[in-house]
Amino acid sequence: MHTSRNNPLVWSDSVPRFQALTLSVVMVVSSICQAAEFRRLPMSEYRDRMEAGWIGQMVGVGWGGPTEFRWQGVIIPAEDMPVWRPELVNQFDQDDLYVEMTFLRTLELHGFEVSIRQAGLDFANSGYRLWHANEAGRSNLRRGIAPPDSGHPRFNRHADDIDYQIEADFSGLIAPGLPDLVIELGEKFGRLMNYGDGLYGGQFVGGMYAEAFFESDPLKLVEAGLRCIPEDSQFAECIRDTVRWCQENPDDWKQTWERVNQKYHLDPEYRRFSCSGPHGKFNIDAKLNAAYIVMGLLYGKGDLDETIVVSTRCGQDSDCNPSNAAGILFTTIGRSNLPDRFVSALDPTGVFSHTEYNFPRLIEVCEQLVRTAVVRAGGRIERNAQGEEILVIPVQTPRPGPLEQCWEPGPIANSRFTEAEMAQITVVTRSRALQADVDRILPGWELSDCGADMDPGPRGEYRGRSNVFMTHPWDRHTGAVLSRTVTVPPNQKTLLRLVVANDSRGDWTLVVKTGDRELFKRPIDETLTQGGWATLTVDLSEFAGHTIPVELVNQADGWSYEAGYWAEIAISSQPSAKR
């Protein structure tokens, strides 16, 4: 199907060439005219809808929370759908909410012109737990890999994951009718951890929120989101497919689920950068989970409960998806029109984890930011005869960025934080947090670039050895490193002795380096360890009389269970044999 950015669901190859040309001219003229058009939104209505958007997120994630990733590639049975209780609205410790509030805080302190580097520093200093693209992106930032490289597939194997999609709600809630601002905020905050479809997911969601202040038709909201992303991306293809299948099966969402699952979960062509591999049951790709958001909106048909239930029962990230869907739908309705069961138990004093915000403060900051956003976009703020503020918002035709996809990424930016910027990152990194255990088990060695997968750290026992330390590579390209400076005595034979093991489900490559020179390289797998431990030696005698840096690298080899286990690292010297 041939598509147009301005109307991505209706064009076809059957449109004659002269008609297409005429339509293009009309679209250009329309765009010029739109620059002089405005939409008016009373501040009281903005606040009512914006509050509802935040409440919707809290309701969706609270309701779907018990199901998260418990059903992968299957529909959640109706009898396993949790029952809503009003107190579930109080979700103050959810990454669906607190991460995006870090971005709001950056905008509150630094304004919309804040640099992506400052946004990265603020994110690097956040103190809450994270997973997947968020965790990898923040870890990259803490290592000095500045944005946009922190979200680039070269450094982030989760770049197509759902993360910015679940936290982009803020971008639309402070940009009513301003899709270009949604796109801009994605380029600033989404690139801290995502790329390609992972980035587009957030811009799609933000675009729906921005339109939800003026539109309640779910299909038109989806179309508005599509206009914010490149039409030839796999993400856009997934959403167009989902809409078409919903229209072909208007009364049976399970039929649509089956078609989405077949193409976007089971077909490896649409999982080319899936962090769980192309065949894993676990699927946190942005586009698949966005399809479940869309299904909730379209099959919910404006019903709050049904929207959340359908998005949840689709499975996979079944708390994040209903959170997005409910947030968008609640925005179209406004807090004053929400059923009491969703608002009666809201705790206005609860503080969102690791943020400056309780609910009233959150609303206040959004009100401050929206005033700036509207004026910055060429709009204005007027007052009516009663003295009420009116947001006068210019009509915008979205301008998506160029196409990029994680499996064929563009070049990196070679962006690194300066020493002065690194000094502003004051949190304790994972490698630094584990250093005390390294000092106890492997004294004299310093850990760096240790990734989060498989929970690295000390092991009381492993394969019959006690007091073992486990490392894991940072990513496919960057290995975990144990390093120290070694003074090799003169006239002596000096050996580095290593006792290492692998996980029985995978292997890794051991690299011993001094500077850029590799002294030793060998796969550590079952053929070597035979279910136990391998003892290896590396001769350092050629460096006699010199002090050299030594690095022991736990390098990835296929990216499957790449844990490196270290039971012993020893350096010994003895007099050389006389000639």
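Every number in this text was worked out from the coordinates using simple rules, so none of it is lab data. Predicted model, so just to flag it, every value in this text is computed and none were measured. Every residue, glycine as well, gets a Cβ built from its backbone with ideal geometry; the counts of neighbours run over all protein chains shown.
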### Query
Between Glu408 and Ala436, what is the spin-label point distance in nm, taking each point 7 Å from the Cα along the Cα→C-beta axis?
5.0 nm
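Taking each pair of different alpha-carbon atoms in the stretch 430-575 once, compute 1/r for the pair, average those values, and report the inverse of that mean as the Kirkwood hydrodynamic radius in Å to one decimal. Show your work: numbers first, answer last.
Values: mean 1/r = 0.0653 Å⁻¹.
With all distinct Cα pairs of the stretch 430-575 included, I get 15.3 Å.
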### Message
What distance in nm lies between label points placed 7 Å from Cα along the C-beta direction at Ser216 and Gln247?
### Response
2.3 nm
### Query
Which pairs break 21 Å Cα to Cα here: Lys188/Lys281; Lys263/Lys287; Lys188/Lys263; Lys220/Lys301?
Lys188/Lys281; Lys188/Lys263
#### Entry: Spin-label zone in the stretch 457-473 - amide nitrogen under 17 Å from a point set 7 Å from the Cα of Ser572 along the C-beta vector
none
### Label-point separation in nm, Ser504 to Thr535, each point 7 Å along Cα→Cβ
2.4 nm
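Percentage of Cα-Cα pair distances in the stretch 60-124 greater than 18 Å, rounded to whole percent?
On the way: 1144 of 2080 pairs.
Percentage above 18 Å: 55.
Within the stretch 94-175, report the GluC sites (Glu not before Pro) that DSSP leaves as loop and that have at most 13 other Cβ atoms within 10 Å. Spell out each step's value before the answer.
Values: sites: Glu100, Glu108, Glu113, Glu135, Glu167; in loops: Glu113.
In loop regions of the stretch 94-175 (DSSP not H, G, I, E or B), the sparsely surrounded GluC sites (Glu not before Pro) are Glu113.
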### Task
Classify the stretch 230-269 as rounded, prolate or oblate, taking a ≥ b ≥ c as the square roots of the eigenvalues of its Cα gyration tensor: rounded when a/c is under 1.5, otherwise prolate if a/b is larger than b/c and oblate if not.
oblate
### Task
Mean Kyte-Doolittle of at least 0.5 plus a Cα span of 24 Å or more along the axis: flag which DSSP H helices in the chain meet both, please.
17-34, 359-376
### Query
Quick one: if the Förster radius is 25 Å, what FRET efficiency do Thr349 and Leu109 give, using the C-beta to C-beta distance and rounding to 0.05?
0.60
### Message
Taking just the alpha carbons, could you work out the radius of gyration and Dmax for the chain, both in angstroms?
### Response
26.8, 104
